[in-house]
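**Student:** Before I ask anything, let me first share the structure, which is written out below as structure tokens.
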Amino acid sequence: MDENLESKDRLSDLPDCILLHILSFLGAKPTVQTCILSPRWNSLWKRLPTLRLNCFNYRYYNFTEFVTQILSLRDDSTTLHTLTFHRHGLVEPHLLKRVLNYGISHNVQQLEINVKCEIQHFPPSLFSCHTLTSLKLVHPNFYYMRALLPYSLNLPSLTELHLHSFAFPFGDDGCAEPFSGLHKLNTLIIDKCEVQNLCILSTSLVRLTIVTRDYPPDDCCEIELCTQNLCMFTFIGSAFHKLYGSKNNLSSIKHIDIDLRLMSDSAEYSLFLLNFLVELVSVKSMTVSSQTLQVLSLVPGLFKVDLPSLCNLKSLKVKKKQSSFLPDLVVEFLLQNSPSTKVEILD
């Protein structure tokens, strides 16, 4: 074999666009380390449109210095398409704000933040960024402090939103309605947020997932769905949460997944579940946990109720939880208007 061919650096001969695409799959540290490969690679990483600051093994001061240098050395003329910032350890507020402001000032489109930080208010510019199409904010509790969302969000390009451990501020009517201005939003995940009285108002929303915390019985929460085009809905939480919406707002739901936790006071709130199921007139597939069925079985006089909904149900999947039984009569109750539905038990 020709020695020149054998020693030729074919990777470095690739066009910049291909090399940048390859680097976009790497974290920030290995990306920066490519600068030692050859002069060809020396400054390539500085023009990368993807920046992944996902560092878990740095000591506190090393990590802060590393992130600061990355932001200082990167080519400012390069638009930032994707920015992720993950850190298991504590992050100082000034560093989080710097990362956020850097992404916003460089027209970031996809932003994912997962940090623990002693901060209650994220920079207002984050919630009025016109270039964002996807936003994921995970802010684990810091001494029971929850970051507070603004009353409304001005994100005209946003299509996907994932919020974890945030609190929603209330208006004068005692209800939070932060999503009504997101006219392109099609996917929303609300995960363990501070939910009291929440109205989800959206004509564009297609997929909705709500994962709630457990509340004491005297803190019953209401979640109103004003979502005329919602197709897929997942709810994981407790029976203390009252889900409701008019038939016009819920008639578009075709696929639903409900996983309720059976708790000591579930009987008191079991009617919330039944009233919600009554509104599901167009559902074609349903997945429920065995504990959800047990909560439903606590409704007084349940088996005397004529269920007007679930007429279009084609598939019913039951996830059997450990240490819980499967109430067969409740399954029959759900299928009273669609006896030919395929039933599958998932262990």
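The values are calculated or read from the model by the stated rules, or taken from the named source; none is laboratory data. Note that this is a predicted model, so its numbers are computed, not measured. Because the Cβ atoms are built from the backbone with ideal geometry, glycine has one as well, and the counts that use them run over all protein chains shown. For the accessible areas, the whole protein counts, side chains as well, though only heavy atoms, and no ligand, DNA or RNA atoms are used. Shrake-Rupley method; radii C 1.70, N 1.55, O 1.52, S 1.80 Å.
**Student:** Considering only region 276-297, state which residues are buried (at least 18 other Cβ atoms within 10 Å of the Cβ) and either part of a loop (DSSP other than H, G, I, E, B) or among the acidic types (Asp, Glu) (or both).
**Tutor:** GLU279, LEU280, VAL283
**Student:** Report yes if ILE236 is closer than 23 Å to GLN291 by Cβ, free of Cβ contacts under 8 Å to residues at least 60 places away in the same chain, of a type outside the set (Asp, Glu) and open to solvent by 20 Å² or more (accessible area, probe 1.4 Å), otherwise no. Outline the logic, then answer.
**Tutor:** Working: closer than 23 Å to GLN291 by Cβ: yes; free of Cβ contacts under 8 Å to residues at least 60 places away in the same chain: yes; of a type outside the set (Asp, Glu): yes; open to solvent by 20 Å² or more (accessible area, probe 1.4 Å): yes.
In short, yes.
**Student:** All but one of (1) touching a Cys at 6+ places or on another chain (Cβ under 9 Å); (2) open to solvent by 10 Å² or more (accessible area, probe 1.4 Å); (3) within 30 Å of THR131 (Cα to Cα); (4) assigned to a strand (DSSP E or B) hold for SER252, so report the exception by its number.
**Tutor:** Of the numbered conditions (1) touching a Cys at 6+ places or on another chain (Cβ under 9 Å); (2) open to solvent by 10 Å² or more (accessible area, probe 1.4 Å); (3) within 30 Å of THR131 (Cα to Cα); (4) assigned to a strand (DSSP E or B), the odd one out for SER252 is (4).
**Student:** Determine, yes or no, whether LYS317 is open to solvent by 40 Å² or more (accessible area, probe 1.4 Å) and out of contact with any helix residue (DSSP H, G or I) (no Cβ under 7 Å at 6 or more places or on another chain). Before you say what the answer is, go through the steps one by one.
**Tutor:** Values: open to solvent by 40 Å² or more (accessible area, probe 1.4 Å): yes; out of contact with any helix residue (DSSP H, G or I) (no Cβ under 7 Å at 6 or more places or on another chain): yes.
Against the criterion (open to solvent by 40 Å² or more (accessible area, probe 1.4 Å) and out of contact with any helix residue (DSSP H, G or I) (no Cβ under 7 Å at 6 or more places or on another chain)), LYS317 qualifies.
**Student:** Identify the residue in region 34-69 that is closer than 19 Å to SER24 by Cα, part of a helix (DSSP H, G or I) and at pLDDT below 80 and, among all such residues, is most open to solvent (accessible area, probe 1.4 Å).
**Tutor:** This residue is ILE36.
**Student:** Just checking, does region 165-173 include any residue being under 14 Å from the mean Cα position of the chain (by Cα), modelled with pLDDT of 95 or more and in a loop (DSSP other than H, G, I, E, B)?
**Tutor:** The answer is no; no qualifying residue exists.
**Student:** Counting just the residues of region 174-217 that are acidic (Asp, Glu) and open to solvent by 50 Å² or more (accessible area, probe 1.4 Å), which one comes out modelled with the highest pLDDT?
**Tutor:** Taking region 174-217 first, the residues acidic (Asp, Glu) are 177, 191, 194, 214.
Remaining after also requiring open to solvent by 50 Å² or more (accessible area, probe 1.4 Å): 177, 194, 214.
Working: GLU177: 92, GLU194: 84, ASP214: 71.
Looking at residues that are acidic (Asp, Glu) and open to solvent by 50 Å² or more (accessible area, probe 1.4 Å), I get GLU177.
For (1) under 16 Å from VAL67 (Cα atoms); (2) in contact (Cβ under 8 Å) with a residue 40 or more places away in the chain; (3) outside any strand (DSSP E or B), each residue gets a yes or a no:
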{"residue": "ASN101", "(1), (2), (3)": "yes, no, yes"}
{"residue": "PHE127", "(1), (2), (3)": "no, no, yes"}
{"residue": "LEU137", "(1), (2), (3)": "no, no, no"}
{"residue": "LEU161", "(1), (2), (3)": "no, no, no"}
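**Student:** Then there is this: Just checking, which of VAL343, VAL288 is over 23 Å from CYS221 (Cβ atoms) and not polar (S, T, N, Q)?
**Tutor:** On the way: VAL288 fails: over 23 Å from CYS221 (Cβ atoms).
The match here is VAL343.
**Student:** When only residues in region 313-347 that are of a type in the set (Val, Ile, Thr) and farther than 21 Å from SER251 by Cα count, which is nearest to the chain's Cα centre (by Cα)? Spell out how you get there, then give the answer.
**Tutor:** Here is the first cut: in region 313-347, the residues of a type in the set (Val, Ile, Thr) are 318, 330-331, 341, 343, 345.
Next, only the ones that are farther than 21 Å from SER251 by Cα stay: 318, 330-331, 343, 345.
Working: VAL318: 24, VAL330: 31, VAL331: 30, VAL343: 29, ILE345: 27 Å.
Of everything passing the filter in region 313-347, VAL318 is nearest to the chain's Cα centre (by Cα).
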